[in-house]
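Student: Let me begin by handing over the structure; questions about it come next.
The values are calculated or read from the model by the stated rules, or taken from the named source; none is laboratory data. Every value quoted in this text rests on a predicted model; they were computed, and no experiment measured them. A quick note on method: Cβ atoms are made from the backbone with ideal geometry, for glycine too, and the neighbour counts reach across all protein chains shown.
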Amino acid sequence: MKATPKTLAGTLDRALRQARVFYFCGADEAGAGDAAALVASRLGEAERVDLAGADLRRDPLRLADEARSTSLFGDRRVIMVNTAGDEAHDAVARLVADPVPGWPVLVVASSATDKSRLAKLLTDRDDALVCVSYPPDLAAITATARALADAAGVHMGSTLAQSIALAAGLDTRVVRSELDKLALYLDASPASPRNATEADLAAIGTATVDDAMAPLVNAALGGVTERLARELPRLAAGDINPVGLLLAFERRAVQLAALAAKAGSAASLNQFLDGEIQARRVFFRDKPDLMLQLHKWRGARMERLLSKLAALHRALLTDSQGAQLRMQQAIVEIARVSAR
């Protein structure tokens, strides 16, 4: 079975009855995470077992073992796998080849597409669901922002919702976080809704959420080492949160990947970006940096960047104490590649 976040709702009832493995991939990592969260919620209360793709690559038998294992307290289980690319391919292949039914397995694969080996393994199976999250567009994320706002008791027009979507870099995780802050600021709830204005948005700082991080992100991805030398000490001094900075890098990388795919072999990146600006899919002030970065990050180099950021994301989640140092090392490596 195959679906996208838009068609998932219509496919989900059948998938929940038949599927053993749910595979979430695509350029929109936030969309893949949202889709996985929806499936997990529909599976109901269960003991969650988290596995990393790198561990399954070293021990491909572990996934099938965990899927067949019984909870210590007799509870239902859900196996959650966070992986990059095809790290978990052999483990999932052994799982689906095992005739013994087990607990449902949800695999969220960053930097993987529907052309990955895992997607090809599962797409034509009736006992698996492959959900592909394609690069987000402004209209879709604006609609999501409005829906999330309504659910939180915050009433807003499409213009304000679009402002939030753009400020969040079309990342639904950031959109959700900003709307939570807005609902708290307005003291809004579904039982007591409030109307939101541009002034409210400015008050919680949505419009400038990435202002402090953008110069560092652009300097690294653009390979502008002299700018990086000025910006990097701010991270070391603790002026910038390393996890927030990583999310800013991920948002820009996803944006670059989507733009590069859309531009294809366009003769003029300048004209292409002008068209994206006119369609309000790109902020006009980002054009110079995007021009530079699109020349540097394409094809295999972009795939390696996305894979590196995904690995860094997992590392920061498991070692928050070393987050600042890991982030500094990654930025320097990214800048060196970009400056070549």
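Student: For segment 285-340, which fully contained helices (runs of 4 or more DSSP H) count at least 1 residues that are charged (D, E, K, R) and in contact with a Leu (Cβ under 9 Å, 6 or more places away or on another chain)? Steps first, answer last, please.
Tutor: Numbers: elements: 287-296, 299-318, 323-339.
Filter on segment 285-340 gives 287-296, 323-339.
Student: Residue 133 is checked against (1) crowded, with 23+ Cβ neighbours inside 10 Å; (2) at pLDDT 90 or above and fails just one. What number does that condition carry?
Tutor: (2)
Student: Filter segment 238-247 down to residues that are modelled with pLDDT under 85 and not in a loop (DSSP other than H, G, I, E, B) and give me whichever is farthest from residue 27 (Cα to Cα).
Tutor: Narrowing segment 238-247 to residues modelled with pLDDT under 85: 238-244, 247.
When the remaining residues are screened for being not in a loop (DSSP other than H, G, I, E, B), the result is 242-244, 247.
Working: 242: 22, 243: 20, 244: 20, 247: 14 Å.
The qualifying residue farthest from residue 27 (Cα to Cα) is 242.
Student: Among the residues that make up segment 260-271, is at least one of them part of a loop (DSSP other than H, G, I, E, B), in contact (Cβ under 8 Å) with a residue 12 or more places away in the chain and in the same structural domain as residue 299 (by TED's automatic domain parsing)? Full working, then the answer.
Tutor: Step one: of segment 260-271, the residues part of a loop (DSSP other than H, G, I, E, B) are 264-268.
Next cut, in contact (Cβ under 8 Å) with a residue 12 or more places away in the chain only: none.
No, segment 260-271 contains no residue that is part of a loop (DSSP other than H, G, I, E, B), in contact (Cβ under 8 Å) with a residue 12 or more places away in the chain and in the same structural domain as residue 299 (by TED's automatic domain parsing).
Student: Shifting gears a bit: Can you give me the ranges of the strands (runs of 3 or more DSSP E) entirely in segment 1-100 with at least 1 residues that are crowded, with 21+ Cβ neighbours inside 10 Å and touching a Cys at 6+ places or on another chain (Cβ under 9 Å)? Even if it seems obvious, please write down each step before you answer.
Tutor: Working: elements: 21-25, 47-52, 77-84.
Those strands (runs of 3 or more DSSP E) span 21-25.
Student: Being acidic (Asp, Glu), surrounded by fewer than 16 Cβ atoms within 10 Å (Cβ to Cβ), under 30 Å from residue 295 (Cα atoms) and at pLDDT 85 or above narrows it down to one residue among 231, 226; which is it?
Tutor: When all the criteria are applied, what remains is 226.
Student: Let me ask something else about it. Consider segment 16-38. How many of its residues are in contact with a Gly (Cβ under 9 Å, 6 or more places away or on another chain), modelled with pLDDT of 90 or more and either closer than 17 Å to residue 306 by Cβ or among the β-branched types (Val, Ile, Thr) (or both)?
Tutor: 1
Student: Moving on to the next point. Answer yes or no: is there a residue in segment 182-202 that is touching a Phe, Trp or Tyr at 6+ places or on another chain (Cβ under 7 Å) and not basic (Lys, Arg). I'd like the intermediate steps shown before the answer.
Tutor: Of all residues in segment 182-202, those touching a Phe, Trp or Tyr at 6+ places or on another chain (Cβ under 7 Å) come to 200.
Pick out the ones that are also not basic (Lys, Arg) and you get 200.
Yes, segment 182-202 contains at least one residue that is touching a Phe, Trp or Tyr at 6+ places or on another chain (Cβ under 7 Å) and not basic (Lys, Arg).
Student: Here's a follow-up. Might you let me know whether segment 144-167 holds any residue that is free of Cβ contacts under 8 Å to residues at least 40 places away in the same chain, part of a helix (DSSP H, G or I) and in the same structural domain as residue 21 (by TED's automatic domain parsing)?
Tutor: Checking segment 144-167: not a single residue is free of Cβ contacts under 8 Å to residues at least 40 places away in the same chain, part of a helix (DSSP H, G or I) and in the same structural domain as residue 21 (by TED's automatic domain parsing).
Student: Which of (1) polar (S, T, N, Q); (2) under 26 Å from residue 311 (Cβ atoms); (3) crowded, with 16+ Cβ neighbours inside 10 Å is the odd one out, the single condition residue 163 does not satisfy?
Tutor: (2)
Student: Among the numbered conditions (1) modelled with pLDDT of 90 or more; (2) under 19 Å from residue 311 (Cα atoms), tell me where residue 41 comes up short.
Tutor: Status for residue 41: all satisfied but (2).
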